[in-house]
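Down below is the structure, laid out as structure tokens.
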Amino acid sequence: MTQEHYVLAAQPNTLQRPGCTAVYPVGIYGWRKRCLYFFILLLLVVMIVNLALTIWILKVMNFTVDGMGNLRVNKEGIRLEGISEFLLPLYVKEIQSRKDSALILQSDRNVTVNARNGLGQLTGQLTVGSEMVEAQCQRFEVRSSDGERMLFSADEEEVSIGTEKLRVTGTEGAVFEHSVETPHIRAEAFQDLKLESPTRTLTMEAPKGVEITAEAGGLDVSCRKDLLLQSTEGEIFLNANTIRLGNLPVGRPTASPGQPVSKQTVFEVCVCPNGKLYLSPAESASTCHSTSNVCLWS
């Protein structure tokens, strides 16, 4: 060893070595780590609950590829089975029930069916309420089951009934404010037929004739004032075994003072120039001239 080396080795080392830097741990430790695990576990529980609820809803609502529950969607439209409730208006083109069941429309207040044109204007309305059924349209028709024969139709001008027979079963009959056109009026068996106009005139007209027939009973015609039988071109023909004219006035010849009045049982029918009929006592010759003073009373 040289002297220089010895001196260096013998001298005390006064130089200090640089110290090491502080080491910090990397990551989440302590309560932060525990909170993170708790939130992850809570999120996993929420996801599992949501998935279970989704599966339960799909099972309860019966979701399928074709639809949901009683609702089926196909190429022809939407099919509903069972009872369906609509809280808002329903807009459809056609409603049809199954072939083996009836179609029932039910509401707590009323059922209204509206028809509109391309501009949205109301063209027809059918309302079924608790007190009445109201139809508002230009023409109302009721047809047979095959759709070929019209049974009933009504518009602003007329009401037409296309059935072979119209039956009125009310105790008061039928009341018509205006004219009625029909080829035949008949009462039921063992029932009376009565045509009456309480305050106005009853008129029966036909281009080829009016026939009144009572096959099993009598015919009564009564009025308060005049009963007029008039034929403009033909005749009035009364054909019966007995023709009775009741309450005809009786003409009496002027009796001489002191001449007794005999009880007369046979009379002859006389006619005044104005057409009035009266009775005159029958004798060997006509007495109508002597009792014509009755004509002056009319």
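Brief remarks follow.
- Residue selected from region 58-72 under the condition of a type in the set (Val, Ile, Thr) and open to solvent by 80 Å² or more (accessible area, probe 1.4 Å), by the criterion modelled with the lowest pLDDT: VAL65
- Subset of region 272-298 that is open to solvent by 30 Å² or more (accessible area, probe 1.4 Å) and hydroxyl-bearing (Ser, Thr, Tyr) - its residue that is nearest to ASP226 (Cα to Cα): SER298
- Some residue of region 183-202 being among the β-branched types (Val, Ile, Thr), modelled with pLDDT of 80 or more, over 40 Å from the mean Cα position of the chain (by Cα) and in a loop (DSSP other than H, G, I, E, B): no
- Given (1) within 16 Å of PHE140 (Cα to Cα); (2) modelled with pLDDT under 85, number of the condition VAL113 does not satisfy: (2)
- Residue count for region 246-266, restricted to those that are modelled with pLDDT of 80 or more and open to solvent by less than 100 Å² (accessible area, probe 1.4 Å): 6
- In region 138-152, the residues that are under 16 Å from GLN125 (Cα atoms) and either small (Gly, Ala, Ser) or touching a residue at least 60 places away in the same chain (Cβ under 8 Å) (or both): none
For (1) in contact with a Leu (Cβ under 9 Å, 6 or more places away or on another chain); (2) open to solvent by 90 Å² or more (accessible area, probe 1.4 Å), each residue gets a yes or a no:
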| position | (1), (2) |
| --- | --- |
| ASP108 | no, yes |
| ASN117 | no, no |
| GLU131 | no, yes |
| ALA154 | no, no |
| SER160 | no, no |
| GLU172 | no, yes |
| THR182 | yes, no |
| THR199 | no, yes |
| ALA216 | no, yes |
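- Close pairs from region 283-295: first touching a residue at least 12 places away in the same chain (Cβ under 8 Å) and of a type in the set (Val, Ile, Thr), partner crowded, with 17+ Cβ neighbours inside 10 Å and not in a loop (DSSP other than H, G, I, E, B), Cβ under 6 Å, at least 6 apart: THR287/SER280; THR287/PRO281; THR291/SER280; VAL294/TYR278
- Pairs linking a residue in region 48-75 that is free of Cβ contacts under 8 Å to residues at least 60 places away in the same chain to a residue that is of a type in the set (Lys, Arg), with Cβ atoms under 7 Å and 6 or more positions apart or on different chains, are ASP66/ARG72; ARG72/ARG79.
- Total residues in region 73-85, condition farther than 14 Å from LEU103 by Cβ and either open to solvent by 70 Å² or more (accessible area, probe 1.4 Å) or among the β-branched types (Val, Ile, Thr) (or both): 6
The values are calculated or read from the model by the stated rules, or taken from the named source; none is laboratory data. Quick caveat: nothing in here was measured; it's all calculated off a predicted structure. Glycine also receives a Cβ, built like all others from the backbone with ideal geometry; neighbour counts cover every protein chain displayed. In case anyone asks, the SASA skips ligands and DNA or RNA and just uses the protein heavy atoms, side chains included. Shrake-Rupley method; radii C 1.70, N 1.55, O 1.52, S 1.80 Å.
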